[in-house]
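These notes are about the structure you will find just below.
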Protein chains: 2
Amino acid sequence: MTRYIVTLATCTVLLAAGVRADAQPDPLPSWNDGAAKQAIMEFVKDTTTEGSPKFVSPAERIATFDQDGTLWVEHPIYSQVVYCLDRVPAVVKAKPALGKVEPFKTVLLGNREAIAKLSMNDLIKILGATLTGMSVDEFEAEAKAWLASAKDPRWKRPYTELTYAPMLEVLKYLRANGYKTYIVTGGGQDFVRVYADQLYGIPPEQVVGSAGGTKYGYDKNGKPFLTKEPKLLLNDDNAGKPEGIHLMIGRRPRAAFGNSTGDRQMLEYTKAGDGQRLAMLVLHDDAKREYAYGPARGLPDTKVGALTPALADEAKSKGWIVISMKDDWKRIFAFDE
Amino acid sequence: MTRYIVTLATCTVLLAAGVRADAQPDPLPSWNDGAAKQAIMEFVKDTTTEGSPKFVSPAERIATFDQDGTLWVEHPIYSQVVYCLDRVPAVVKAKPALGKVEPFKTVLLGNREAIAKLSMNDLIKILGATLTGMSVDEFEAEAKAWLASAKDPRWKRPYTELTYAPMLEVLKYLRANGYKTYIVTGGGQDFVRVYADQLYGIPPEQVVGSAGGTKYGYDKNGKPFLTKEPKLLLNDDNAGKPEGIHLMIGRRPRAAFGNSTGDRQMLEYTKAGDGQRLAMLVLHDDAKREYAYGPARGLPDTKVGALTPALADEAKSKGWIVISMKDDWKRIFAFDE
């Protein structure tokens with residue numbers, strides 16, 4: 001009997017070894033071989049190999065991702081701004097007086113050129129009217145309904161399909177290696193939370209974004225609910241990103257991914273920690289498959305937050321790695337061939 | 001050979017069955033049998049049994065715990081307030097002018113009766129001077145040093161040993177069943193984060209508390225750091241608790257534990273959700289082993305936030321379960337026999 005047991009045990013060992021000896025499937029199949037892919041693979045290997053001097057304990061494995069332009073398309077206009085503009089008719093229907101004043105009049109007329117010329121102050125009025133004043137549950141329902149129907153004019157697809165396949169692979173790869181993945185976005189925290197789980201596998205509690213206050217109250221049946229208030233608690237962009245990370249996570253990230261000047265401080269803060277750290281910037285240099293803007297055009301871009309030549313220089317000097325969409329990514333979207 | 005394989009397989013099955021048939025160890029050994037223990041056990045069973053109409057998906061398993069008076073001793077004075085008072089000499093040493101004005105003069109004199117009479121405004125000045133103005137790293141180092149040396153005058157033990165053993169069991173039991181456990185405290189978020197992992201197994205990113213802003217800046221070497229600012233972003237008490245839960249977690253808890261009027265809205269908000277919910281209040285009615293205050297003394301307590309008779313009545317009418325420290329807990333602290 002002993003002989004057979006040994007045989008069985010040997011089989012088990014061989015089977016286990018066989019599994020190990022198999023070539024691991026490439027965790028980043030949408031990436032071309034190159035410095036960017038290699039940096040990600042090495043970072044994960046170094047920080048998760050026990051005994052490695054660069055090992056990072058599982059609890060400390062925090063990775064933060066900007067959203068607009070880093071995980072999905074931000075050009076030519078942030079999806080959330082489209083959402084707010086699309087919501088204006090419903091808001092005016094509920095409060096007809098608004099339709100007689102600017103900037104709501106212009107938005108209702110639907111003249112794209114006039115809308116594009118609205119000032120930052122006008123935009124803030126539109127955001128305030130469309131993102132606050134309702135209960136958090138109502139807001140969630142409205143945003144969900146919009147996401148299910150709205151389409152990007154260039155690709156004629158829902159915005160939810162315009163996520164970058166290579167970055168989804170990075171998210172999964174990091175999570176498979178014990179990293180907790182967070183979104184740290186200048187966009188609205190409540191807005192991104194509506195779809196972050198479905199699109200990125202990131203639960204609401206791991207979405208850090210620009211956040212307004214809420215107010216606790218009771219409906220006529222005594223049931224409590226929260227109303228979204230026009231009071232900004234956290235402007236989660238630029239220096240607000242490390243401030244938001246401290247507020248919401250309380251740990252310094254080990255890895256951070258961005259694409260614009262709005263991510264500069266998050267990347268600086270990440271790299272300033274001790275031990276192994278990874279900082280990466282997505283460069284939009286693929287006019288054919290997506291867009292080219294920022295230094296890819298050789299010019300500082302007027303678009304708020306785009307990766308500028310100055311930021312590209314800072315990246316070079318500080319060991320941040322720039323991801324070229326054109327060169328590093330085999331495909332941009334999951335629907336690409 | 002086949003026979004032996006079958007025998008081995010059978011053994012394996014029997015072994016596995018044997019493990020399953022073993023009586024499970026009691027997950028709450030510090031609890032006496034009673035309505036409170038039963039409510040916790042049933043809640044976990046109902047919400048984690050697949051196919052049960054009360055099943056809750058793992059992603060939705062969020063449990064929130066007040067800290068002071070719910071997870072550790074808060075009487076007669078919050079540990080964090082002791083910390084702030086203890087920090088006053090060091091703060092005055094750094095800024096001598098403070099030592100000549102109230103309330104710092106009174107604190108420096110060390111007259112306990114006079115200190116106990118300080119107004120809320122005085123307290124806010126002390127909190128401001130001792131909790132802000134330094135980098136988040138300096139603050140963490142100072143709080144850690146204090147926790148390592150300070151002792152509670154009654155038990156002559158570090159504050160960190162004054163956690164309630166039965167509640168630590170509840171935290172572990174919920175986590176073993178897929179619940180993500182959060183602290184939701186009126187105390188300082190940064191303060192509680194310093195020790196929450198060590199004391200409760202709760203990582204910094206799962207501590208929601210009263211939080212001030214931070215300011216991003218650079219030291220003389222260009223290294224970025226965050227400074228704690230005297231600007232309150234979230235007063236995480238009373239209605240601030242559900243507001244803080246929305247801000248920091250973005251999901252309604254399935255279970256919430258508190259002990260005072262400051263937890264009323266968190267419990268209301270938790271129970272107002274659909275499906276199975278659990279709301280519990282710790283009643284301090286054990287003058288011998290800990291303290292008796294609030295309705296246990298038959299009187300509204302003057303202590304800010306204590307469980308009042310009115311709150312006990314609300315609990316009864318709304319199906320919240322009151323935990324009697326005297327009757328429900330076999331032991332209070334891990335160091336009790």
Within the range B:250-282, tally of residues that are touching an Asp or Glu at 6+ places or on another chain (Cβ under 9 Å) and closer than 24 Å to B:Ala334 by Cα: 7
Taking only pairs six or more apart or across chains, which ones have beta-carbon atoms under 9 Å, a first residue in the range B:207-233 that is without any contact (Cβ under 8 Å) to a residue 24 or more places away in the chain and more than 20 Å from A:Ser317 (Cα to Cα), and a second residue that is basic (Lys, Arg) and open to solvent by less than 20 Å² (accessible area, probe 1.4 Å)? B:Tyr216/A:Lys241
Selection from the range A:126-175 of residues that are of a type in the set (Val, Ile, Thr) and closer than 30 Å to A:Ala279 by Cβ: A:Thr160, A:Thr163, A:Val170
Could you say whether any residue in the range A:263-270 is among the hydroxyl-bearing types (Ser, Thr, Tyr) and at pLDDT 95 or above? yes
Would you check which residues across the range B:132-143 are out of contact with any Leu (no Cβ under 6 Å at 6 or more places or on another chain) and within 14 Å of chain A (Cβ to nearest Cβ) and list them? B:Thr132, B:Met134, B:Ser135, B:Asp137, B:Glu138, B:Phe139, B:Glu140, B:Ala143
Search the range A:216-235 for residues being in contact with a Leu (Cβ under 7 Å, 6 or more places away or on another chain) and farther than 20 Å from A:Thr64 by Cβ, and hand back the single one that is nearest to the other protein chains (Cβ to nearest Cβ). A:Tyr216
Suppose we filter the range B:275-289 for residues that are in a loop (DSSP other than H, G, I, E, B) and buried (at least 23 other Cβ atoms within 10 Å of the Cβ); how many remain? 1
Please verify whether the range B:250-263 includes one or more residues that are away from chain A (no Cβ under 13 Å) and touching a Phe, Trp or Tyr at 6+ places or on another chain (Cβ under 6 Å). yes
When restricted to B:Lys54, B:Lys45, the only residue open to solvent by 70 Å² or more (accessible area, probe 1.4 Å), part of a loop (DSSP other than H, G, I, E, B) and either at pLDDT 95 or above or among the hydroxyl-bearing types (Ser, Thr, Tyr) (or both) is B:Lys54
Which condition number in (1) in contact with a helix residue (DSSP H, G or I) (Cβ under 7 Å, 6 or more places away or on another chain); (2) polar (S, T, N, Q); (3) open to solvent by 20 Å² or more (accessible area, probe 1.4 Å) is the one that B:Thr64 fails? (3)
Total residues in the range A:235-273, condition touching a residue at least 60 places away in the same chain (Cβ under 8 Å) and part of a loop (DSSP other than H, G, I, E, B): 7
Please enumerate the residues belonging to the range A:208-234 that are acidic (Asp, Glu) and either outside any strand (DSSP E or B) or touching a Pro at 6+ places or on another chain (Cβ under 7 Å) (or both). A:Asp219
Name every residue in the range A:314-327 that is open to solvent by less than 20 Å² (accessible area, probe 1.4 Å) and not polar (S, T, N, Q), in order of residue number. A:Ala315, A:Trp320, A:Ile323, A:Met325
Are any of the residues in the range A:195-207 within 12 Å of chain B (Cβ to nearest Cβ) and in a strand (DSSP E or B)? yes
How many residues are outside any helix (DSSP H, G or I) and of a type in the set (Lys, Arg) if we restrict to the range B:174-194? 1
Kindly indicate whether A:Asp190 is facing another protein chain (nearest Cβ under 8 Å) and within 21 Å of A:Leu131 (Cβ to Cβ). yes
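The values are calculated or read from the model by the stated rules, or taken from the named source; none is laboratory data. Keep in mind that this is a model prediction, so the values were computed, not measured. Cβ coordinates were reconstructed from backbone atoms using ideal geometry, including for glycine residues, and neighbour counts include every protein chain displayed. Surface accessibility is based on the protein's heavy atoms, side chains included, excluding ligands, DNA and RNA. Shrake-Rupley method; radii C 1.70, N 1.55, O 1.52, S 1.80 Å.
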